[in-house]
Amino acid sequence: GFHDTPLSKSHFYGCGVDGCWGYLDRFRRPNKTYYAMQAMGELMSACKERAVTRTASRTLGAFGAWTADRRGASLIVSDFRGAAKELKVSVKGLPDGLNLRVRRLDDKSDLCETDGYSWRDNVLSLRKEEPGSVVFAIDFISL
(Lines give C-alpha, C1' and ligand atoms only; values in the text may rest on other atoms or scores of the structure.)
Protein backbone atom coordinates (compact mmCIF):
# COMPACT_ATOMS: atom_id res chain seq x y z
CA GLY A 1 0.00 0.00 0.00
CA PHE A 2 2.94 2.39 0.44
CA HIS A 3 3.45 2.55 -3.32
CA ASP A 4 0.44 4.84 -3.71
CA THR A 5 1.49 7.34 -1.03
CA PRO A 6 4.03 10.19 -0.86
CA LEU A 7 6.45 7.94 1.11
CA SER A 8 9.86 7.61 -0.49
CA LYS A 9 11.31 5.05 1.92
CA SER A 10 10.04 2.37 4.25
CA HIS A 11 11.60 -0.19 6.55
CA PHE A 12 10.47 -3.73 7.30
CA TYR A 13 11.06 -4.06 11.03
CA GLY A 14 12.77 -7.10 12.43
CA CYS A 15 14.57 -8.25 9.30
CA GLY A 16 16.95 -10.37 11.33
CA VAL A 17 17.45 -14.00 10.55
CA ASP A 18 15.89 -15.28 13.76
CA GLY A 19 12.52 -14.85 15.37
CA CYS A 20 9.01 -14.65 14.04
CA TRP A 21 9.45 -11.30 12.24
CA GLY A 22 12.54 -12.04 10.17
CA TYR A 23 13.05 -13.75 6.82
CA LEU A 24 14.13 -17.11 8.21
CA ASP A 25 12.59 -19.40 10.80
CA ARG A 26 14.46 -20.69 13.83
CA PHE A 27 15.99 -23.45 11.69
CA ARG A 28 17.21 -20.80 9.21
CA ARG A 29 14.76 -21.84 6.50
CA PRO A 30 13.00 -19.15 4.43
CA ASN A 31 9.59 -18.22 5.83
CA LYS A 32 6.51 -16.62 4.26
CA THR A 33 7.95 -13.10 4.56
CA TYR A 34 11.00 -14.21 2.59
CA TYR A 35 8.85 -15.51 -0.27
CA ALA A 36 6.67 -12.38 -0.32
CA MET A 37 9.77 -10.20 -0.59
CA GLN A 38 11.16 -12.54 -3.27
CA ALA A 39 8.01 -12.11 -5.39
CA MET A 40 8.14 -8.32 -5.10
CA GLY A 41 11.88 -8.25 -5.88
CA GLU A 42 11.37 -10.37 -9.00
CA LEU A 43 8.57 -8.10 -10.21
CA MET A 44 10.61 -4.96 -9.67
CA SER A 45 13.71 -6.34 -11.39
CA ALA A 46 11.80 -7.62 -14.45
CA CYS A 47 9.33 -4.75 -14.83
CA LYS A 48 10.15 -1.07 -14.86
CA GLU A 49 6.90 0.79 -15.54
CA ARG A 50 4.12 0.76 -12.96
CA ALA A 51 0.66 -0.37 -14.08
CA VAL A 52 -2.54 1.12 -12.67
CA THR A 53 -4.21 -1.19 -10.13
CA ARG A 54 -7.35 -0.87 -8.03
CA THR A 55 -9.04 -3.20 -5.56
CA ALA A 56 -12.62 -3.37 -4.36
CA SER A 57 -12.12 -4.88 -0.91
CA ARG A 58 -10.24 -3.93 2.23
CA THR A 59 -8.59 -7.37 2.31
CA LEU A 60 -7.21 -7.11 -1.24
CA GLY A 61 -4.02 -5.51 -2.50
CA ALA A 62 -2.56 -5.38 -6.01
CA PHE A 63 0.67 -4.17 -7.57
CA GLY A 64 1.43 -4.47 -11.27
CA ALA A 65 4.11 -3.39 -13.69
CA TRP A 66 5.01 -3.62 -17.37
CA THR A 67 8.18 -5.09 -18.81
CA ALA A 68 10.45 -2.52 -20.46
CA ASP A 69 9.22 -3.48 -23.96
CA ARG A 70 5.55 -3.47 -22.79
CA ARG A 71 5.09 -6.92 -24.33
CA GLY A 72 4.64 -8.53 -20.92
CA ALA A 73 3.73 -7.66 -17.35
CA SER A 74 3.70 -8.94 -13.80
CA LEU A 75 1.06 -8.62 -11.11
CA ILE A 76 1.01 -9.39 -7.41
CA VAL A 77 -2.42 -9.87 -5.82
CA SER A 78 -2.74 -10.33 -2.07
CA ASP A 79 -5.74 -11.20 0.04
CA PHE A 80 -5.09 -10.68 3.76
CA ARG A 81 -7.39 -12.88 5.82
CA GLY A 82 -10.09 -12.71 3.16
CA ALA A 83 -13.10 -15.02 3.29
CA ALA A 84 -13.47 -15.49 -0.48
CA LYS A 85 -12.34 -18.78 -1.99
CA GLU A 86 -11.87 -17.23 -5.43
CA LEU A 87 -10.52 -13.86 -6.50
CA LYS A 88 -11.54 -12.31 -9.81
CA VAL A 89 -9.13 -9.86 -11.42
CA SER A 90 -10.02 -7.79 -14.47
CA VAL A 91 -6.85 -7.23 -16.52
CA LYS A 92 -6.93 -4.71 -19.36
CA GLY A 93 -4.44 -3.43 -21.90
CA LEU A 94 -2.34 -6.55 -22.36
CA PRO A 95 -1.27 -7.68 -25.82
CA ASP A 96 -2.90 -10.83 -27.21
CA GLY A 97 -1.27 -14.26 -27.03
CA LEU A 98 0.46 -14.06 -23.65
CA ASN A 99 1.31 -17.11 -21.57
CA LEU A 100 0.60 -17.03 -17.85
CA ARG A 101 2.69 -18.26 -14.95
CA VAL A 102 0.80 -18.13 -11.66
CA ARG A 103 2.45 -18.83 -8.31
CA ARG A 104 0.74 -19.01 -4.92
CA LEU A 105 2.06 -18.19 -1.46
CA ASP A 106 -0.11 -19.31 1.43
CA ASP A 107 0.16 -21.47 4.53
CA LYS A 108 0.62 -24.60 2.36
CA SER A 109 2.62 -23.21 -0.60
CA ASP A 110 5.88 -21.27 -0.76
CA LEU A 111 5.46 -19.31 -4.00
CA CYS A 112 4.83 -22.53 -5.96
CA GLU A 113 3.36 -22.63 -9.45
CA THR A 114 -0.33 -23.42 -9.42
CA ASP A 115 -2.88 -24.40 -12.01
CA GLY A 116 -5.67 -23.09 -9.76
CA TYR A 117 -6.66 -20.30 -12.11
CA SER A 118 -8.58 -19.59 -15.30
CA TRP A 119 -8.04 -16.79 -17.83
CA ARG A 120 -10.99 -15.83 -20.05
CA ASP A 121 -12.11 -12.56 -21.64
CA ASN A 122 -9.52 -10.51 -19.72
CA VAL A 123 -10.71 -11.86 -16.35
CA LEU A 124 -8.28 -13.86 -14.26
CA SER A 125 -9.95 -16.11 -11.67
CA LEU A 126 -7.58 -17.18 -8.89
CA ARG A 127 -8.67 -20.04 -6.65
CA LYS A 128 -7.57 -20.12 -3.03
CA GLU A 129 -7.09 -23.45 -1.27
CA GLU A 130 -9.21 -22.17 1.61
CA PRO A 131 -10.35 -18.86 3.10
CA GLY A 132 -7.50 -16.86 4.66
CA SER A 133 -4.38 -15.06 3.52
CA VAL A 134 -2.76 -15.65 0.13
CA VAL A 135 -0.43 -13.93 -2.33
CA PHE A 136 -0.52 -14.65 -6.06
CA ALA A 137 2.44 -13.71 -8.27
CA ILE A 138 1.33 -13.64 -11.91
CA ASP A 139 3.61 -13.21 -14.92
CA PHE A 140 2.11 -12.40 -18.32
CA ILE A 141 4.84 -13.62 -20.67
CA SER A 142 5.10 -12.81 -24.38
CA LEU A 143 5.65 -15.71 -26.76
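Taking the solvent-accessible surface of protein heavy atoms with a 1.4 Å probe, what is the per residue accessible area of the chain in Å²?
Ligands and nucleic acids excluded, the result is 66 Å² per residue.
Note down the accessible area of Tyr117, probe 1.4 Å, to the nearest 10 Å².
The accessible area of Tyr117 comes to roughly 60 Å².
Given a 1.4 angstrom probe, I'd like the percentage of the accessible area of the chain that is carbon and sulfur, rounded to a whole number.
Taking all protein chains in place, the chain shows 53 percent carbon and sulfur surface.
Let me check something: with ligands and nucleic acids excluded, how do Arg29, Arg127 order by accessible area (1.4 Å probe), largest to smallest?
If we order Arg29, Arg127 from most to least accessible, we get Arg29, Arg127.
Tell me the mean residue ellipticity at 222 nm calculated for the chain from its helices only (DSSP H runs of n ≥ 4, each -39500 (n - 2.57), averaged over every residue, nearest 500).
My calculation for the chain gives -3500 deg cm²/dmol from helical runs alone.
Starting from the Cα of Lys32, draw a straight line to each of the aspartates and glutamates and keep only those under 18 Å, dropping any in the same chain fewer than 8 residues away.
The qualifying aspartates and glutamates are Asp18, Glu42, Asp79, Asp106, Asp107, Asp110, Glu113, Glu129, Glu130.
Using the alpha carbons of the chain, what is the convex hull volume per residue in cubic angstrom, as a whole number?
Taking only Cα atoms, the chain has a hull volume of 126 Å³ per residue.
Rank these by accessible area, largest first, 1.4 Å probe: Cys112, Cys47.
Of Cys112, Cys47, the descending order of accessible area is Cys112, Cys47.
Working with all protein chains in place, sort Leu94, Leu124 by solvent-accessible area computed with a 1.4 Å probe, largest first.
Heavy-atom accessible area, descending, gives Leu94, Leu124.
Specify whether the C-alpha gyration tensor of region 39-111 places it in the rounded, prolate or oblate class, a ≥ b ≥ c being the square roots of the eigenvalues: rounded for a/c under 1.5, otherwise prolate if a/b is larger than b/c and oblate if not.
Since a/c reaches 1.5 and a/b is larger than b/c, the shape of region 39-111 is classed as prolate.
Which of the lysines could be linked to Lys88 by a straight reach, that is with a Cα gap under 16 Å, when you skip same-chain ones fewer than 8 residues away?
Partners found: Lys128.
Helix 32-46 sits at what angle to the longest principal axis of the chain, using alpha carbons and giving 0 to 90 degrees rounded to 10?
40
Given the Cα-Cα distance of Asp69 and Asp121 and 0.36 nm per residue of separation, how much length would full extension add, in nm?
Result for the pair: 16.4 nm of gain on full extension.
Under 19 Å Cα-Cα from Lys92, which lysines qualify once same-chain neighbours fewer than 8 residues away are excluded?
Lys92 reaches Lys48.
Which value, in Å² rounded to 10, gives the accessible area of Thr59 with a 1.4 Å probe and all protein chains present?
Approximately 50 Å² of Thr59 is accessible to the 1.4 Å probe.
Not counting ligands, DNA or RNA, and with a 1.4 Å probe, what is Glu113's accessible surface area in Å² rounded to the nearest 10?
130
Around Lys128, which amide H atoms from residues at least 5 apart in sequence, or from another chain, sit under 5 Å from its own amide H, with H modelled in the peptide plane?
Here Glu86, Leu87 satisfy the definition.
The values are calculated or read from the model by the stated rules, or taken from the named source; none is laboratory data. Everything numeric in this text was worked out from a predicted model, so none of it was measured. Note: accessible area is taken over every heavy atom of the protein model, side chains too, but ligands, DNA and RNA are not part of it. Shrake-Rupley method; radii C 1.70, N 1.55, O 1.52, S 1.80 Å.
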